[in-house]
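Rule-based calculations on the coordinates, nothing more; no lab input. All values derive from a computational prediction rather than experimental measurement. Here the Cβ is made from the backbone with ideal geometry for all residues, glycine too, and neighbour counts use every protein chain on show.
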Amino acid sequence: MTTFARIEELGKHDGATVTVRGWCTHLRSSGKIAFIVLRDGTGTLQCVMVKKEVDDLTWARYADCTLETSVAVTGAVRADTRAPGGYELGVTTLEIIGTSPLDYPIQPKEHGIDFLLDNRHLWLRSPKQRAIARVRHEVEQAIHDFFYERGFLHVDTPILTAAIGERAGLFETEYFDEGTAYLAQTGQLYGEAAAAAFGRIYTFGPTFRAEKSKTRRHLTEFWMIEPEMAWYDQAMNQDLQEELVCFLVQRALTRCAAELKELERDVSKLETVVAPFPRISYTDAVTTLQAKGSSIQWGDDLGAEDEALLVADHDRPVFVCNYPKEAKAFYMKENPADPRTVLCADLLAHEGYGEMIGGSQREDDYDKLVQRIKEEKLPMDAYGWYLDLRKYGTFTHSGFGIGLERTIAWICGLPHIREVIAFPRMMHRVRP
Ligand code: 4AD
Ligand code: MG
């Protein structure tokens, strides 16, 4: 009976004979001893084949191994403190499963980013990409755990929608006889309906923005997590955001130490991420920025450079609160203390990573919301159901959206978010 083992679980098989299946990543032979380094997605393993210990056929198969040849290697698991995972395999048999021609596109040398993105389906096999994927997986799981532990209900909201949520570009499609449908820019409006039904909810889904921005922070398809809480005001909303971000950073630090090391992340920059985060009003931020030489005027949205300037003096993310109404979406609640502004905050990651979270208290006054929909020239008939949430038992409620890719790029210390998702969608890229 063959025992198949994955590389990460070889510790359970110390001394036993197992078969490991994977892809060759490094090959080296002295003519008497051959070394095959295998990758199987869970780790890497050095397999050692000694010519005089194997039959001729097995030895001859080594010559057919090339970069990315898939193989099944059988042998004894031996503890070896020098080996990457702590074990190596003393080979007794080697079977070639799939050969790999010598023109494998990604070679151990520097490649340009466009070339790598064109070959994303193969680039994913590299150790760095595996590390990023594992951090992403851990962060996604941590998000579900965070909300599950706090009694939030996970609600899936539609991708095809008629109501426009944000002021970003829209992807449109004809929807049978119903007119134009849009790919969701946000799940929030539906999240609000769910909060009135279930109390505290969160959404976790893909969102789409036809933004013609070629920055290192923009994808046209990205994943967003949007909690929405009945009876939360904006202060409570920000407390929750702070708690979530600290939770995610701690989780990555404790469970992804090896991956962060692979990514050469300076984790001291994450260890300082503890609550409370500074809360700066937009108005004060403008004053600070002007003093630092920015040309920003009250009323403008913060540009990427402004955001970087603002967080430069901080060792943790920073909230910028209460933006001017004109700079933000229609659904944000007017600030009673200064009606030119709304009760909202953007959470800016430090180290210049920019906006990671956008959140607000929602306008719960029926008439004010109608007024805002008119001012924004949005099609009133698409918002009838949304206005019903204010008509039938309006309620104080707040929520936010955290961008998954931006958060993970920041945790991993990556300069661009395109590597954080397996198959990035950008203005000039829809394949592979
Ligand atoms: O600030 P945004 O547009 O807020 C909303 O969509 C609200 N409906 C959220 C809410 O209150 N429920 O987007 C929220 C976050 C941003 O802070 C950013 O992290 C991310 O989504 N994001 C993007 N990430 C990658 N590519 C893009 N094009 C993004 N646009 C926004
Ligand atoms: Mg925003």
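Tabulated data
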| quantity | calculated |
| --- | --- |
| Given charges at Cβ of Lys, Arg, Asp, Glu: the range 117-273 dipole, positive-most of F222, V267, G199 | V267 |
| From phi via Karplus (6.51, -1.76, 1.60), per-residue ³J(HN,Hα) for the range 347-352 in Hz, x at Gly/Pro | 9, 9, 5, 7, 6, x |
| Label-to-label distance, nm, for residues given as R125 and K391 (7 Å Cα→Cβ offset) | 5.9 |
| Spatial separation of Cα centroids for the range 1-21 and the range 104-167, in angstrom | 30 |
| The range 367-389 and the range 257-289: distance between their alpha carbon centers, rounded to Å | 37 |
| Cut-off under 5 Å, modelled amide H: who pairs with V342 long-range | Y323, K325, N335 |
| Burial ranking of peptide ranges 152-163, 96-107 (average Cβ count within 10 Å, highest at the top) | 152-163, 96-107 |
| Filter on K325/K374; K214/K328; K269/K328 - keep pairs with C-alpha separation over 20 Å | K214/K328; K269/K328 |
| By average C-beta atoms within 10 angstrom, highest first, the peptides 391-404, 7-20 | 391-404, 7-20 |
| Pairs beyond 32 Å (Cα-Cα), from K12/K261; K292/K368; K32/K261; K292/K377 | K292/K368; K32/K261; K292/K377 |
| Neighbour cut-off at most 11 other Cβ (10 Å), DSSP loop, trypsin sites (Lys or Arg not before Pro), the range 185-215 | K212, K214 |
| Ranked list, fewest to most other Cβ atoms within 10 Å of each Cβ, for I408, I164 | I164, I408 |
| Spacing of the two label points (7 Å from each Cα toward its C-beta) at L67 and D301, in nm | 4.2 |
| Projected label distance in nm at F4 and D313, using a 7 Å step from Cα toward the beta-carbon | 5.9 |
| Modelled FRET efficiency - R0 41 Å, D55 with E271, Cβ distances, 0.05 increments | 0.15 |
| Dipole in debye (nearest 20) - the chain, about Cα centre, beta carbon charges: Lys, Arg +1; Asp, Glu -1 | 1260 |
| Linear extension gain, A16 paired with I33, 0.36 nm per residue minus alpha-carbon span | 4.0 nm |
| Cα centre as origin, Lys/Arg/Asp/Glu Cβ charges: the range 7-98 dipole, Debye | 260 |
| Positive-pole candidate from A291, Q234, W385, dipole of the chain, charges at beta carbon | A291 |
